[in-house]
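Q: Got a structure here, written out as structure tokens. Questions coming.
Every read-out reported here was derived from the displayed coordinates using simple, explicitly stated rules and does not represent laboratory data. What you see is a predicted model, and the numbers here were worked out from it, not measured in a lab. Virtual Cβ from ideal backbone geometry, glycine too; neighbours counted across all protein chains shown.
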Amino acid sequence: MAALLSTALVASVAGTSFATSFKTVVLSRQVVHIAGKKIRFATFEAAAINDKQQVAFYAAIYGGGVNPTNNTAIFAKYGSNINQIARNNVPITVNGVSTTYPTLTTNFLINRSGIVFWAADDSSGVTSYNLGYRKVNPISLGTVTNPAGATEPIADFNNRNHISLIGDRTDISPGPLTVVQVGPSDGIYLASVGDNAVGLPLGSTYTNFGNPTIDGSNKVYYTASVDGKGSIFDGIWAGKGKDPAPLVTIGQFASGSGESFTGFEESPHPSQNGKYCGFLADTATQSGIWIATTASGSLRNVALAGATVTTDNGTLTFKKLQPPAINNTGHAAFLATATTDSTTADDGTVTPGVTRLGLFYATASGQVRSVVRVGDVVQIGTQKLTVSNVRFKPRGGLTNNNKLLVTLSFSNRTTGIFIATP
């Protein structure tokens with residue numbers, strides 16, 4: 001098996017998935033030498049990629065010097081070299097101080113300079129947000145103290161080494177619950193609970209926020225709920241400093257659906273050039289993915305739950321959509337569960353459709369393509385393996401030259417990270 005998995009190219013079996021090729025980034029059981037010891041990769045979380053096809057990933061490991069207390073790490077692959085960026089319960093120098101993190105999180109990204117943003121928790125519940133690069137000691141951008149049982153805020157990262165995050169009692173914002181944009185040498189407060197909601201009637205104030213995201217110009221995008229408006233998230237705002245503007249709000253017509261927006265889910269996802277912003281939203285009867293052109297505010301529907309689409313692999317009906325990745329040319333990629341059409345045999349026997357999770361790619365012109373789905377058969381070396389799980393990270397999963405980074409698990413209990421060309 002090890003020899004078969006060493007191939008650098010995974011070709012799809014004709015008719016099972018759209019992508020013509022998957023370039024292997026890393027595979028389970030693959031060996032890497034860290035601090036003079038030979039370790040192997042066991043499993044992977046979804047990974048992140050930049051436009052140079054450098055990849056950051058979170059992995060469970062085993063081998064020399066590995067035990068149950070230090071068996072997870074964040075790595076980056078630069079060309080053929082794999083570097084360990086951080087590892088749980090292994091001391092690392094941060095801002096000149098030796099620090100040990102018992103828990104690494106899956107909040108990580110890599111920008112076009114190959115700098116990896118990563119987050120980790122210490123034993124007292126403080127999350128540290130750090131920047132690392134190959135073998136250079138990382139620097140910390142700030143910390144958030146999490147209430148007992150709370151999940152640390154997810155931060156986003158751009159090509160200027162700035163992050164956006166929402167914090168409560170942070171060392172980089174005044175609180176109480178505040179959207180901030182932070183760089184290596186500064187922190188900028190954007191919006192806080194109780195502030196006036198810009199662009200809405202007098203007396204409308206922010207009551208809650210989703211995790212914010214950031215584009216390449218340091219403009220920050222965030223979903224927000226507003227007092228008296230009656231939904232979970234009432235709009236998406238975007239701006240720099242204390243000058244945000246509403247990009248889309250409830251009551252606005254949701255193009256392609258025949259209805260108006262009733263709420264917004266998860267985080268907005270801007271392109272790095274700031275021209276587009278993709279988001280997952282609800283109307284009265286269905287959810288969907290839309291892309292807003294930020295200069296004009298015009299909206300384009302990408303996918304609707306319950307809608308039937310014709311892809312390169314046949315007709316599918318979307319069931320559950322997940323947040324999209326958006327690139328600088330307005331292309332999108334997203335995970336979704338979808339059901340195939342039922343089929344009728346010559347003898348009249350009806351075979352019902354099958355609902356499976358898959359990765360989909362939408363061109364700027366609106367064509368939807370099926371990249372790979374659970375149950376697809378792909379060929380690795382001389383073996384044909386059945387996909388058992390598909391994972392995809394919306395932020396960091398789609399490059400500006402339309403490469404997709406996907407983590408695939410197979411029914412034979414192997415897993416790997418691949419660059420797909422749709």
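Q: Under 10 Å, Cα contacts only: if you run a Gaussian network model on the chain, which one of Tyr276, Tyr189, Tyr361 comes out with the highest mean-square fluctuation?
A: So, out of Tyr276, Tyr189, Tyr361, the one fluctuating most is Tyr189.
Q: Please tell me the relative contact order of the chain in percent, rounded to the nearest whole number, where contacts are Cα pairs under 8 Å and at least six residues apart.
A: 14
Q: So how strong a dipole does the chain carry about its Cα centre when Lys and Arg Cβ are +1 and Asp and Glu Cβ are -1, to the nearest 20 debye?
A: Dipole size: approximately 1540 debye.
Q: So how far, in whole Å, is the C-alpha centre of segment 49-116 from the one of segment 357-420?
A: Segment 49-116 and segment 357-420 have Cα centres separated by 23 Å.
Q: Follow-up question, since we're still on this one. Report the label-to-label distance for Thr103 and Arg413 in nanometres (one decimal), using points 7 Å from each Cα along the Cα→Cβ vector.
A: Inter-label distance under the simple model: 2.8 nm.
Q: How high is the relative contact order of segment 72-127, in percent, with contacts defined as C-alpha pairs under 8 Å that are six or more residues apart?
A: 25
Q: Which ³J(HN,Hα) values in Hz, rounded to whole numbers, follow from the phi angles of segment 208-214 under the Karplus curve 6.51 cos²θ - 1.76 cosθ + 1.60, where θ = phi - 60° and Gly and Pro get x?
A: Karplus values, whole Hz, x for Gly and Pro: 6, 9, x, 5, x, 10, 9.
Q: Quickly rank 28-35, 282-289, 125-132 as a protection proxy: mean count of other C-beta atoms within 10 Å, highest first.
A: Order by mean packing, descending: 125-132, 282-289, 28-35.
Q: Let me spell out the model: positive unit charges on the Cβ of Lys and Arg, negative unit charges on the Cβ of Asp and Glu, origin at the Cα centre of segment 252-340. What dipole size does that give, in debye rounded to 20?
A: 120
Q: Given the options Gln54, Gln84, Gln367, which has the most mean-square fluctuation in a GNM of the chain, springs set between C-alpha atoms less than 10 angstrom apart?
A: Gln367
Q: Tell me which residues come under 5 Å, amide H to amide H, from Val26 once H is placed; ignore anything under 5 positions away on its chain.
A: Under 5 Å from the amide H of Val26: Ile417.
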